[in-house]
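The values are calculated or read from the model by the stated rules, or taken from the named source; none is laboratory data. None of the values given here were measured: they were computed from a predicted structure. Quick reminder, even Gly has a Cβ in these numbers, built from the backbone with ideal geometry, and neighbours come from all protein chains shown. The accessibility values were calculated without ligands, DNA or RNA, using every heavy atom of the protein model including side chains. Shrake-Rupley method; radii C 1.70, N 1.55, O 1.52, S 1.80 Å.
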Amino acid sequence: HGGGKKKMSLRIELPHNIISPLVKALVNHRGFQYSALSLAALVYYLCVKFPQIAPPLIRSTLLSFYSASVRNIVIAAVVCTLSAKKALGKNFKGSYFPIFFLLCWSLFYRFKVVENPIIKFQRTFWNVHICERSQISKKKFKPVPWAWNRHAQTITCFMVSQLEHLWTPSIQFHREEIVSTVDGNTLFIDWAYHKHDEDHKWTHSKSTPSVLPELHSCDTPVIVAIHGLGDDRNHPYIQRLAHVCSQCGWRLAVHSYWRFDFIDSQDLKQVIDHISNRNPKAPIIAVGYSAGGHHLLKYLQDVGKDTPVVASIAVSACFDFVQAVHDVESNENKTYRLFLDAQTRICARRHLDHDKTIQHKRHVFEDIISEYGGHCLQLFDRFIYELIRTRQETEGTVSEEEGEYEFMKQTKDYYKFSASANMNKIEVATLLLHAADDPVVSIRSIDWNAFTDNKNIFLFLTKRGGHVAWYEGFLPFGETLADRVIADFTSAVLDSHSHTNFVMNVVTSGLTLQGKVGLIRPSSIARICSNSNTNIYGLGTDKDGSEDVLGTEKENEKEKENENEKEKEKE
């Protein structure tokens, strides 16, 4: 501490009549003596072999006893060890040091590692109802006992979890292709299904309503997933979400985006509108991971209330790409920097392969990827600049005053539209899952208090969890904390959504029978701000732009004519 210039002393005062017998019993025990000698030899070896690392590590370990909770844990472990010694007596011939070590580890894990999340949201009736219904405030995060560090959660547990796919049921996807209305490129929607499911017999041709009868014209909820930077539908978190959806009876549609432009949300809007048009009675929940969370948040900010999405969930979302790159570069583990560079190159390559409008300049983009491939932010900025310039050349709006390209000069206005700057524009119930120790998207660069000013945002924060990790259990297999939270939050929203539709159906039917359709507005009944509450009943906006009303004039005239005909028949 202080580079060796400051001296620190540690003094622990405990009652003499308690600590003296404990120390005496431990010192006189032969197993403890052997363990102490072994530990001393290990410490000496580390100090000699690693003179720059071992002394600070040992000093930090000793200073940890300055914490009252750590001291209490060690004392409790000592008491339990001595109690076990007295109870077992001569029947136990082994060393008691492993018992003492396991007790210390177990107590520390239970009281210092297992945690309750921090939930923040405005206490409106709707928010409190969803929080109580989903029970997200009562969940506990129990990380892997041997890997609760942020690097262990993000890297080690992720690598070990790959073994799970050797025995879990495989998830298959059927790709649906739609044409972009912006530039004519092809957009991809991957529908998940189990390989062993005999009810799904789908072809591999391009989807039409006759080819995929199970996917469209159905009121089963649809979960739209947006993967992270450079990932795809086969990533473990997408596979786990597919299993969760299968267990709950929901349909999973993965938006396999390929554009390198993180700010543009037109593709996601067209994908969601396409799913909604094909499934007008199905509620839609959107889930975004990492960079996919940025896509999702930008979409919600652009559309406001004009969306069929009932609720959304952003897991370890990237709120500002430039800030996230700076966070990764300042991280002590350089693995994230190399991984981010590789994922950025994958994303740039995908855009080049699928964008038909830049194929005449393919060699230019190839040179950009090869030149800036070692630095993700420079590659991103140069790629975006060339995209903007190609679009201007096509439209004939190129400005000659721009001059030669300079890093983040011509594109400085582009970065003003990050997701973190417009969180107040989100008007759909949105849950944000984030870990304080996230090594990729640092919590220090996020103003969480500003987010909670929006009544539609729920914050779910944990101290540990890493980046899109939250692995639990002795082995990092099965559902994670994020998967459980997604399932419970979605179930709570869908439950309230069904109640809202039921009330609207009853009111609409009653007013129709009385000939008073059009007297009640859906906003006075619906608790969820989504078009899915009104489209089901044929509700639309008036020509003058006023608020939606129940029923239309034509429907009222038809109903009156039917009533008149019935009266004539009775006469």
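Give region 388-426 a look and list any residue that's over 22 Å from Ala291 (Cβ atoms) and in a loop (DSSP other than H, G, I, E, B), or say none.
If the condition is that a residue be over 22 Å from Ala291 (Cβ atoms) and in a loop (DSSP other than H, G, I, E, B), then Gly396, Thr397, Val398, Ser399, Gly403, Glu404, Tyr405, Glu406, Lys409, Gln410 are the ones that fit.
For the structure I just gave you, tell me whether Tyr299 is among the aromatic types (Phe, Trp, Tyr) and farther than 29 Å from Thr156 by Cα. Steps first, answer last, please.
Values: among the aromatic types (Phe, Trp, Tyr): yes; farther than 29 Å from Thr156 by Cα: yes.
Here the answer is yes, as Tyr299 does meet what is asked.
Among the residues of region 427-444, write down those that are open to solvent by less than 10 Å² (accessible area, probe 1.4 Å), assigned to a loop (DSSP other than H, G, I, E, B) and hydroxyl-bearing (Ser, Thr, Tyr).
Once the filter is applied, which keeps residues that are open to solvent by less than 10 Å² (accessible area, probe 1.4 Å), assigned to a loop (DSSP other than H, G, I, E, B) and hydroxyl-bearing (Ser, Thr, Tyr), region 427-444 yields nothing.
Just give me the residues in region 125-163 being among the small types (Gly, Ala, Ser) and either in contact (Cβ under 8 Å) with a residue 60 or more places away in the chain or buried (at least 17 other Cβ atoms within 10 Å of the Cβ) (or both), in sequence order.
Within region 125-163, the first condition is being among the small types (Gly, Ala, Ser), and the residues that meet it are 134, 137, 147, 152, 161.
Residues satisfying the conditions are Ser134, Ala147, Ala152, Ser161.
Picking from Thr390, Thr394, which residue would you name as being open to solvent by 100 Å² or more (accessible area, probe 1.4 Å), farther than 12 Å from Phe321 by Cβ and of a type in the set (Val, Ile, Thr)? First the steps, then the outcome.
Numbers: Thr390 fails: open to solvent by 100 Å² or more (accessible area, probe 1.4 Å).
Answer to the check: Thr394.
Within the bounds of region 311-329, is there any residue that is assigned to a strand (DSSP E or B) and of a type in the set (Val, Ile, Thr)? Steps first, please.
Filtering region 311-329 for residues assigned to a strand (DSSP E or B) gives 311-315.
From what is left, the residues that are of a type in the set (Val, Ile, Thr) are 313, 315.
Scanning region 311-329 turns up at least one residue that is assigned to a strand (DSSP E or B) and of a type in the set (Val, Ile, Thr).
Does Thr357 qualify as being of a type in the set (Val, Ile, Thr), in a helix (DSSP H, G or I), under 21 Å from Asp327 (Cα atoms) and at pLDDT below 95? Let's see the steps before the verdict.
Numbers: of a type in the set (Val, Ile, Thr): yes; in a helix (DSSP H, G or I): yes; under 21 Å from Asp327 (Cα atoms): no; at pLDDT below 95: yes.
Here the answer is no, as Thr357 does not meet what is asked.
Would you confirm whether or not region 311-318 contains a residue that is open to solvent by 60 Å² or more (accessible area, probe 1.4 Å) and either of a type outside the set (Asp, Glu) or over 18 Å from the mean Cα position of the chain (by Cα) (or both)? Walk me through how you get there before you give the answer.
We begin by selecting, within region 311-318, every residue open to solvent by 60 Å² or more (accessible area, probe 1.4 Å); these are none.
Taking every residue of region 311-318 in turn, none turns out to be open to solvent by 60 Å² or more (accessible area, probe 1.4 Å) and either of a type outside the set (Asp, Glu) or over 18 Å from the mean Cα position of the chain (by Cα) (or both).
If I filter region 106-124 down to residues being free of Cβ contacts under 8 Å to residues at least 40 places away in the same chain and open to solvent by 70 Å² or more (accessible area, probe 1.4 Å), which single residue comes out as farthest from the chain's Cα centre (by Cα)? Before the answer, list the steps.
Of region 106-124, the ones free of Cβ contacts under 8 Å to residues at least 40 places away in the same chain are 106-110, 114, 116, 123.
Imposing the further condition that a residue be open to solvent by 70 Å² or more (accessible area, probe 1.4 Å) reduces the set to 110, 116, 123.
Numbers: Arg110: 26, Asn116: 18, Arg123: 23 Å.
My answer is Arg110.
Residue under question is Ser95, and the condition is that it be open to solvent by 40 Å² or more (accessible area, probe 1.4 Å), more than 30 Å from Asn449 (Cβ to Cβ), in a loop (DSSP other than H, G, I, E, B) and at pLDDT below 80; does it hold?
Numbers: open to solvent by 40 Å² or more (accessible area, probe 1.4 Å): yes; more than 30 Å from Asn449 (Cβ to Cβ): yes; in a loop (DSSP other than H, G, I, E, B): yes; at pLDDT below 80: yes.
Yes; evaluated as a whole, the condition is true for this residue.
For every residue, the table says whether it meets (1) open to solvent by 40 Å² or more (accessible area, probe 1.4 Å); (2) modelled with pLDDT under 75; (3) within 24 Å of Lys425 (Cβ to Cβ); (4) in a helix (DSSP H, G or I).
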residue	(1), (2), (3), (4)
Glu479	yes, no, no, no
Asp488	yes, no, no, yes
Ser491	yes, no, no, yes
Ser498	yes, no, no, yes
Gly510	no, yes, no, yes
Leu513	yes, yes, no, yes
Lys516	yes, yes, no, no
Thr534	no, yes, yes, yes
Asp542	yes, yes, no, no
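Looking at region 289-306, can you tell me whether even one residue there is in a strand (DSSP E or B), hydrophobic (A, V, I, L, M, F, W, C) and under 15 Å from the mean Cα position of the chain (by Cα)?
Start the filter on region 289-306 by keeping residues that are in a strand (DSSP E or B), which leaves 289.
From what's left, hydrophobic (A, V, I, L, M, F, W, C): none.
There is no residue in region 289-306 that is in a strand (DSSP E or B), hydrophobic (A, V, I, L, M, F, W, C) and under 15 Å from the mean Cα position of the chain (by Cα).
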